[in-house]
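Chemist: Here it is, the structure in full.
The values are calculated or read from the model by the stated rules, or taken from the named source; none is laboratory data. Here the structure is a predicted model, which is why all the values come from computation and not from measurement. All Cβ positions, glycine included, derive from the backbone under ideal geometry; neighbour counts span all protein chains shown.
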Amino acid sequence: MFTPLKGGGDQMGRFFAWLRALFNRMMNRLEDPDMMLDQARRDMAAALQENKEKAVQAITQRNNLQDMVDKNEQKCAQLENQATVALKQGNRDLARQFLREKANYESTQVSLKASLAQANETVQMVKVAIRRQE
């Protein structure tokens with residue numbers, strides 16, 4: 001049967017205290033403030049670069065949406081003109097067809113404009129984030 005040595009607990013306590021002291025000394029050497037500041041600068045630079053890339057993507061998406069909105073508006077105007085011409089020529093069925101097609105484009109226009117508004121907000125938020133980081 002095992003019997004603990006008299007005073008053995010005290011030796012173990014001293015040993016663990018020595019290990020903690022050794023560990024803390026090593027950690028103090030590893031936690032060089034200059035090295036930690038350099039790493040923080042690198043992390044901040046990487047985050048700034050990532051946000052700039054996100055800004056480029058957001059601006060590209062916004063510009064693409066704006067182009068789609070513009071083209072859709074032109075198509076609506078074109079269909080309305082075609083409906084007017086068809087009506088002047090006495091072709092009511094063709095005029096109705098053009099107006100139905102125009103209505104489809106107008107419903108698409110509503111969702112495109114909502115997406116464009118959201119894209120504009122995203123671009124502004126990314127720009128603000130970049131200004132804060134610079």
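Chemist: Looking at (1) modelled with pLDDT of 95 or more; (2) under 27 Å from the mean Cα position of the chain (by Cα); (3) not hydrophobic (A, V, I, L, M, F, W, C), find the lone condition where Gln74 falls short.
Modeler: (2)
Chemist: Look through the range 86-105, keep the residues that are over 22 Å from Lys71 (Cβ atoms) and among the polar types (S, T, N, Q), and return whichever of them is surrounded by the most Cβ atoms within 10 Å (Cβ to Cβ).
Modeler: Of everything passing the filter in the range 86-105, Asn91 is surrounded by the most Cβ atoms within 10 Å (Cβ to Cβ).
Chemist: Of the residues Ala46, Ala21, which single one is of a type in the set (A, V, I, L, M, F, W, C), out of contact with any Pro (no Cβ under 8 Å at 6 or more places or on another chain), at pLDDT below 90 and surrounded by 10 or more Cβ atoms within 10 Å (Cβ to Cβ)? Break it down stepwise before answering.
Modeler: Working: Ala46 fails: at pLDDT below 90.
Among Ala46, Ala21, only Ala21 is of a type in the set (A, V, I, L, M, F, W, C), out of contact with any Pro (no Cβ under 8 Å at 6 or more places or on another chain), at pLDDT below 90 and surrounded by 10 or more Cβ atoms within 10 Å (Cβ to Cβ).
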